[in-house]
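One structure is given below, represented as structure tokens, and several questions about it will come after.
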Amino acid sequence: MRRKDADFQTDKVLLISGSHFIHDIYSSFLSPLLPLLISKFGFSMLMAGSLTVIFRLPALFNPAIGIISDRIELGILAVVAPAITAIAMSLMGMAPNYSILCILLLTAGLSAAVFHVLGPPMIARLSGTSLGRGMSFWMTGGEMARTIGPLFAVWAITNLSLEGSYPVMIIGILASLFLMIRLKGLSSKSTHQPSQGLHKVWHSMRRVMIPLTGIIISRSFVSSTLTAFLPTYIVSSGKSLWMGGISMAVLELSGVVGTLLGGTLSDRIGRRAVLFAAMPLASCLMLSVLYTPDWMLFPLLLLLGLAVFAFEPVTMAVVHDHCGKNRGAANGLYVMITSMSTAAVVVFVGWLSDLFGISTAFTISALLGLAGIPIILLLPKSAS
């Protein structure tokens, strides 16, 4: 066995990735439920997009959570997160008004924010020199969940109704109880030394984080538009809610493979090389989905998922390549930038959809996804 493989603690990496899978099944409910929530409450596309902002808003606290996690043991929060997120997201259909819906999304968003700050530093510590591979395992858990999540949500609504689907939360609650036993003794602290303050972490990583922010924003125009509005786009074109859920599942299913390959390939051929291949391919395939016959939809979504979801494990690996001993703070900063970019893009695309229609908004998003390609050159050469 090679040394790098020996450093990679597969059993523990899979355990944490499994908890990511359980959690993200529930956090993926919003997108497939959005067409029904629009109908129930009479939302405009802009208001519909604002729900993603509400869900992402707690990500503003991610850097602070990361700094705290570098100093204090917060593992119990990772354990209870699947239950909290499951309860909040399963109750969305019962929300009597917009305000209650926002409270539920804020609760789920805070739980998700904490969970996604704690997870990657734990993965990084267990991955040895195969950091890209470890991040691919972590992200694959999330992508598998987002493949199953939309179908699970549509199944629950179809069989239990929008208002009556709340019993599905029991799976997340039981999962947290199981994780409490299996994750006992596994530390969430990313370092045994006190981390630097956020300002110092940003200053020490600015050569990485400034270009990475531009790349993340550009990529969000493709990935966030698809994950937030693909089922809505499918339904608006005259197809069923089931077709919307299946389309999302197909995209995410191929994303499982893309996520696993992206980080692993970046360990071998370089981070920048994978980004240069994935970004233009994702935009071109997104345009193809909009302007090709219906029979090409699923094959194109399979290819699109490969390109779109190869991106995140690579950028996350870039962050951990350069963060030194401040994994929690650096990861919190990265997740905040990613979440806020997602929220801003979704609101912008919702606004564009109200003005020009959702097809035009998708087209503009695909073109803006190309803007980040030259910024890749600004990443440090160590990311090559």
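Yes or no: segment 144-151 includes at least one residue that is part of a helix (DSSP H, G or I), closer than 30 Å to Gly42 by Cα, in contact with a Phe, Trp or Tyr (Cβ under 9 Å, 6 or more places away or on another chain) and polar (S, T, N, Q).
No - not one qualifying residue is present in segment 144-151.
Provide a single number: the residues in segment 85-117 that are in contact with a Leu (Cβ under 8 Å, 6 or more places away or on another chain) and under 13 Å from His23 (Cα atoms).
So the answer is 5.
Hey, another quick one. Thr107 - would you say it is within 15 Å of Gly149 (Cα to Cα) and part of a helix (DSSP H, G or I)?
No.
Conditions: (1) at pLDDT 90 or above; (2) surrounded by fewer than 22 Cβ atoms within 10 Å (Cβ to Cβ). Phe362 meets all but one. Number of the miss?
That leaves (2) as the condition not met.
Same structure, new question: Kindly indicate which of Ser218, Ser204, Ser236 is at pLDDT 85 or above, crowded, with 16+ Cβ neighbours inside 10 Å and closer than 26 Å to Ile376 by Cβ.
From the options Ser218, Ser204, Ser236, the qualifying one is Ser218.
Sticking with this one: Quick one: would you say Ile123 is in a helix (DSSP H, G or I), surrounded by fewer than 19 Cβ atoms within 10 Å (Cβ to Cβ) and modelled with pLDDT under 85?
no
Also: Return the residues of segment 37-91 that are crowded, with 24+ Cβ neighbours inside 10 Å and either touching a strand residue (DSSP E or B) at 6+ places or on another chain (Cβ under 7 Å) or at pLDDT 85 or above (or both); say none if nothing qualifies.
Within segment 37-91, Leu51, Phe55, Ala81, Pro82, Ala83, Thr85, Ala86, Ala88, Met89, Ser90 meet the criteria.
What do you reckon, is Ala48 small (Gly, Ala, Ser) and over 25 Å from Met180 (Cβ atoms)?
It is true that Ala48 is small (Gly, Ala, Ser) and over 25 Å from Met180 (Cβ atoms).
Quick test of your reading of the structure: Asn97 fulfils all but one of (1) free of Cβ contacts under 8 Å to residues at least 60 places away in the same chain; (2) of a type in the set (S, T, N, Q); (3) closer than 18 Å to Trp138 by Cα. Name the failing condition by number.
(3)
Does Phe229 fit the bill of being part of a helix (DSSP H, G or I), within 25 Å of Leu367 (Cα to Cα), aromatic (Phe, Trp, Tyr) and in contact with a Gly (Cβ under 9 Å, 6 or more places away or on another chain)?
Spelling it out, Phe229 is indeed part of a helix (DSSP H, G or I), within 25 Å of Leu367 (Cα to Cα), aromatic (Phe, Trp, Tyr) and in contact with a Gly (Cβ under 9 Å, 6 or more places away or on another chain).
Which one is nearest to Met89 (Cα to Cα), of the residues in segment 9-36 that are surrounded by fewer than 20 Cβ atoms within 10 Å (Cβ to Cβ) and not small (Gly, Ala, Ser)? Step through it out loud before you land on a result.
Residues of segment 9-36 surrounded by fewer than 20 Cβ atoms within 10 Å (Cβ to Cβ): 9-12, 14-15, 18, 36.
Those still in the list that are not small (Gly, Ala, Ser) too: 9-12, 14-15, 36.
Values: Gln9: 32, Thr10: 31, Asp11: 29, Lys12: 28, Leu14: 25, Leu15: 23, Leu36: 14 Å.
The selected residue is Leu36.
Which one of these does Ala278 not meet: (1) farther than 30 Å from Gly18 by Cβ; (2) without any contact (Cβ under 8 Å) to a residue 40 or more places away in the chain?
Exception for Ala278: condition (1).
Just checking, does segment 164-171 include any residue being closer than 30 Å to Pro96 by Cβ, modelled with pLDDT of 75 or more and touching a Leu at 6+ places or on another chain (Cβ under 6 Å)?
Within segment 164-171, one or more residues are closer than 30 Å to Pro96 by Cβ, modelled with pLDDT of 75 or more and touching a Leu at 6+ places or on another chain (Cβ under 6 Å).
Additional query: Would you check which residues across segment 92-118 are surrounded by 24 or more Cβ atoms within 10 Å (Cβ to Cβ), modelled with pLDDT under 90 and not hydrophobic (A, V, I, L, M, F, W, C) and list them?
His116
Please pick out the residue among Ser44, Ser27, Ser90 that is over 14 Å from Ala108 (Cβ atoms) and polar (S, T, N, Q).
Of the residues listed, the single one that is over 14 Å from Ala108 (Cβ atoms) and polar (S, T, N, Q) is Ser44.
The values are calculated or read from the model by the stated rules, or taken from the named source; none is laboratory data. Everything numeric here is computed off the predicted structure, so don't read it as measured data. When we count neighbours, we look across all protein chains shown, and the Cβ atoms used for this are built from the backbone with ideal geometry, even at glycine.
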